[in-house]
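Bear in mind these aren't lab numbers, they're just calculated from the coordinates by the rules spelled out. From a predicted model like this one, the values you see are computed outputs, not experimental measurements. Cβ: placed from backbone, ideal geometry, glycine included. Neighbour counts: every protein chain shown.
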Amino acid sequence: MTMDIFETAFGTVIEGATFVYVMHKLLSRPQQKKMPLIIFFILWSVSNVLVNVNISGYAPFINFSIAIFALTYLLNQPFFKVFFTFMMFTLSILLIQMPLIPIYHLFGDTFLGLVVVLILALMICALLLRRYGDWMRLQIEKYENKHFNYLAINLLIFSLIFKIIYDFDEKILTDNYVFFAFMMVLMLGTHYFIYKEIAHISERNKLLEVQDQFRLPLEQAIESIKTKQHEYKNHMTSILGLLKTNTPEDATWQIQGFLNDIKSFDSIEDEIISVDRDVVKAIIYMKHTEAESRNIIFDFSCEGALKNAKILDYELSVVLNNLINNAFKAVMDLPEAKVALEMGFDERSGKYFFQIKNAAPSLELASLSTFGERGFSTKGDGRGYGLYNVRRIVKKYSGNLDVFYENKEIRIKVLFT
């Protein structure tokens, strides 16, 4: 009995170590402290042994449920992201251990064989993470918010149901495994297409909301331009008057000043109309109006087309609004409040980009590495989700968020496809 408990404890500790190590490598942030994870691993290992000894039937479900909720808190990650990574880990560890089963049999199904298999599995995980860790992290960021999460939950529910049936009467499963496998595949496939359609409907609704939200600003911008086009006739009359009432030299000087005033007054509308994505036009028009009311100098330029970018309109709205809002808040109390926005297509990277620049004289350099991380904010606790959402969206489109700081100015650049 004592030997059985020892073998259970040893296997639990090794499997737990593999699990915590993988989750740490794939989900920990750069500033993540390791000590809380070490303490969690020790406490979780003790809990695992106690649960395995006293509640052997449902121990895996209990143990990993505790781990998922605990790691969600310790790693400061969304629950579904931790859960998705856990399901991928479970599938991967099964694929790694299956080829190692003959080694276990080679040792006569003894405790020594179990030790060898578990240690080999841990070493293989470490080697895979060392070589492909960055790629794995990217895939988690790419898929964690899609309907694959719901399929992972379905798999967990199916596993729990099969476990209950197996404990009640294992012959029900063993005698009808083809039927159960077919039903599981059928239900998973049906759920996949249902969730996919729900996601598409949700995205269409968000697009309609964005279009309704920005329809009025676009109409106002177009009406403003029509009004100025009508005023050109009056401008021409004024120029003719200047020519008739002044000497050629004086008329030239006065007309030049007059034209510069007109150009300065009308240039922002001309720039807005040149943008080929309606949602961007509306946001720029609204933010330019807001900047004027706050005495902020807001310059922007568009270098290339945006209409072919894959990113959806409502996602563009989240990205652009967050970048501009953060910049406005950063310069509000400065003597010279100025924000510059550039957008367009980056030929070098082959991606579209937004880049915003503003003064940040009091920014701490140590905080640059945490920009865009969940929960980080220079404005206090309870915030920090704006740039996190920006980073999450652009990663969905094979992009990234970069932060630069020089000459007491911060520059944030996002790339996306």
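The stretch between Y58 and D402, if pulled fully straight at 0.36 nm per residue, gains 119.3 nm over its current Cα-Cα span. For the pair region 91-117 and region 54-73, the centres of their Cα atoms are 23 angstrom apart.
Using only alpha carbon pairs under 8 Å that are at least six residues apart, calculate the relative contact order of region 264-360 and give it in whole percent.
Reported relative contact order: 29 percent.
Computed on region 2-144, the Cα convex hull volume stands at 111 Å³ per residue.
Label sites at E290 and L91, each approximated as a point 7 angstrom past Cα along Cα to Cβ, lie 4.1 nm apart. Each residue, D346 and L127, gets one label point 7 Å from its Cα in the Cβ direction; the gap between the two is 3.6 nm. Sequence-ordered 3J(HN,Hα) estimates for region 290-300 from the Karplus curve with 6.51, -1.76 and 1.60 and θ = phi - 60° stand at 5, 4, 4, 5, 9, 6, 9, 7, 10, 9, 8 Hz, glycine and proline given as x.
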